[in-house]
Amino acid sequence: MNLRHYAHRKTPPKGGSSISDAEAPFCAVIGAGPAGLFAADALARAGARVVIYEHKASPARKFLMAGRGGLNITHSEGLERFISRYGAGAARIAPFIRAWPPQALRDFCAELGETTFVGSSGRVFPASFKASPLLRAWLARLSRLGVTIVTRHDFAGFAESGALRLIGPDGEFTRKVDALVLALGGASWPRLGSDGAWAARLGAQGVRVTPLVAANSGALIEWSAIFRADFEGQPIKTALLRHGASTARGDVVVTRAGLEGGPVYALSSQLRDVTQKHGPTTLSIDLRPDTSLDCLTRKLSRRPQKQSHANFLRKAGFSKVEIGLLREGRGEGLPRDAETLAGLIKNAPLTVTGVGGLERAISTAGGVSFDELDDNLMLKKLPGVFVAGEMLDYDAPTGGYLLQAAFSTGLAAGRGAARYLGLSPDQSVAPSEPGQTGLSPRQSPNGRAPEASNKYSL
């Protein structure tokens, strides 16, 4: 199957700014998350006419959700260490991260009026700590570049002719495009728009897709009824989690179903794989990672003989939820021996039965195999169709790596599509002045005037 190939037409002038609307190639982007928006940005700057089709009623819903707790846009660590965080997929995603690294993402945010800073953990945040100001500025820029966003439109696959199939409010229709960028996300938090339905549609075209599974999700632990009732929603600060030889440190939160938080997410892929293959596994938690076992033992040996364990531990700085967790880990009363108690504090065992499902996972692992793609992220079996973002088969932890990969691969797919169209992605069209419109109704993607775009209350 081939999309209409634009490359046989006369190559546009360098810079693209003199291309008329009638001459400019038309490119569709499916998905208005960070990867899709950035692919559209690159294509529009290269001189293409671009329409983004979005399943939901407004763009970048998951991006906005990520910004509710302080948007972690990327990470400041060295590039080689940064790339290694992608695990088994590091070698495949490395060229795209190198081509557009974390500093480039920070510079992009600054262009949009959002300066960034490095937190104590090395993570990078916008100064506002929010996603909405960044998104608002970005949508305005895309509008000035002539990009139109058409909402409430679903990707339905391809017609026999090779045309793009879409389902809008008025029913299904087809649209011929010169190039197509798919940026439909994974399958996590489906209520925000990424439901993974695209996997079957690409599979029908012979594209190999690794099954989508939950990543960066909570650990499932069967708490006692008393512990759950008393401590659901309570945080545990600065803990060190261990599973096998792997460790992760930070704050965690007790949930009805188990534990969530950055350290849990960092170990979740490993926990998922082990529990799927072998059943329940042990996750150990160190409640005082900065205190040695010997030092803790000496401190605990000073307990007055008549003082209860609970009172003594509270006066020693342990919270009620920490004391409850120690009881959960031991499964019986706390040991009176100082050395044994210290050992429990440093290594409380928790039985993990699995990880949370896709409905609450931060991201997904699996996706379109890199073997199905060329160096420009174009599907070998579907010339003119490019893939970006979480649709790709990699597994990234939280900490800025997910968003960085979305931006970097979005740019790569957009530039790849521009080259396929005979455009020069390195010669950028400047955005028009504020107030100028994007596509006219004549250029509407389905022959009808598109819904108002970029006019969202954020």
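The values are calculated or read from the model by the stated rules, or taken from the named source; none is laboratory data. Just so you know, these numbers come straight off a predicted model, no measurement behind them. Cβ: placed from backbone, ideal geometry, glycine included. Neighbour counts: every protein chain shown. The area values use the complete protein model at the heavy-atom level, side chains included, leaving out ligands, DNA and RNA. Shrake-Rupley method; radii C 1.70, N 1.55, O 1.52, S 1.80 Å.
Label-to-label distance for Ser319 and Ala163 is 5.9 nm, based on points extended 7 Å past Cα in the beta-carbon direction. Backbone amide hydrogens, once placed in the peptide plane, bring Ala361 within less than 5 Å of Trp189, excluding anything fewer than 5 places away on its chain. Here the 3J(HN,Hα) profile of the stretch 401-408, calculated from phi with Karplus coefficients 6.51, -1.76 and 1.60 at θ = phi - 60°, is 6, 5, 5, 4, 5, 4, 5, 5 Hz, Gly and Pro shown as x.
Sequence-ordered 3J(HN,Hα) estimates for the stretch 369-381 from the Karplus curve with 6.51, -1.76 and 1.60 and θ = phi - 60° stand at 5, 5, 5, 7, 10, 8, 5, 9, 6, 8, 5, 5, 7 Hz, glycine and proline given as x.
Summarising the label geometry, the points placed 7 Å from Cα in the beta-carbon direction at Gln276 and Ser301 lie 4.8 nm from one another. Cross-link partners of Lys299 among aspartates and glutamates, defined as those whose alpha carbon lies under 15 angstrom from its own and excluding same-chain residues fewer than eight positions apart: Asp290, Asp337, Glu339. In the context of the full set of protein chains, the stretch 42-103 has a per residue accessible area of 39 Å² (1.4 Å probe).
Residues Lys299, Lys176, sorted by accessible area with the largest first, give Lys176, Lys299 [1.4 Å probe; ligands and nucleic acids excluded]. Distance between the pseudo-spin-label points of Asp294 and Ile226 (7 Å out from Cα toward the beta carbon): 3.7 nm. Full extension of the chain between Arg191 and Ala204 gives 2.2 nm of extra length, using 0.36 nm per residue less the Cα-Cα distance. For Phe158, the residues 5 or more places off, or on other chains, whose built amide H falls under 5 Å of its own are Arg165.
Overall, the accessible surface of the stretch 229-273 at a probe of 1.4 angstrom is composed of carbon and sulfur to the extent of 47 percent. With protein chains left intact and a 1.4 Å probe, residues in the stretch 318-365 average 42 Å² of accessible area per residue. The HN-Hα couplings worked out from phi for the stretch 315-330 by the Karplus form 6.51 cos²θ - 1.76 cosθ + 1.60 (θ = phi - 60°) are 5, 7, x, 8, 6, 4, 5, 5, 5, x, 5, 4, 5, 4, x, 7 Hz, whole numbers, x standing for Gly and Pro.
Shown are Tyr401, Tyr265, whose ranking by accessible area with a 1.4 Å probe and every protein chain present, most to least, is Tyr265, Tyr401. Between the amide H of Val181 and those of Ala28, Val29, Ile30, Phe386, distances stay under 5 Å, these residues lying 5 or more places away or on another chain, with hydrogens modeled in the peptide plane.
Report, in listed order, any pair from Lys306/Lys346; Lys56/Lys380; Lys277/Lys315; Lys56/Lys320; Lys56/Lys381; Lys130/Lys346 with a Cα-Cα distance greater than 32 Å. Present the calculation step by step, with values, prior to reporting the outcome.
Numbers: Lys306/Lys346 25 Å; Lys56/Lys380 29 Å; Lys277/Lys315 43 Å; Lys56/Lys320 43 Å; Lys56/Lys381 28 Å; Lys130/Lys346 36 Å.
Beyond 32 Å between Cα atoms: Lys277/Lys315; Lys56/Lys320; Lys130/Lys346.
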